[in-house]
Amino acid sequence: MEILIKIIDIIVAIVSTFTDETSKYLAKLKEKRDKKKERKK
């Protein structure tokens, strides 16, 4: 039972870091898109 809890902890840690990186990446993409829109004006 304790092993299962450790595995879940590891998965949660991986997922949280992954989502954090993904949100940073998406924010960068959005910035690039916004800059392109500004240039067109």
Using the alpha-carbon atoms, what tilt in degrees (0 to 90, nearest 10) does helix 2-40 show relative to the longest principal axis of the chain? 0
I'd like to know how the chain sits against the 2.2 N^0.38 Å rule of thumb: what's its Cα Rg over that expected value? 1.98
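All of the numbers you see were taken from the coordinates with simple rules; none came from a lab. Computed from a predicted structure; not experimentally measured.
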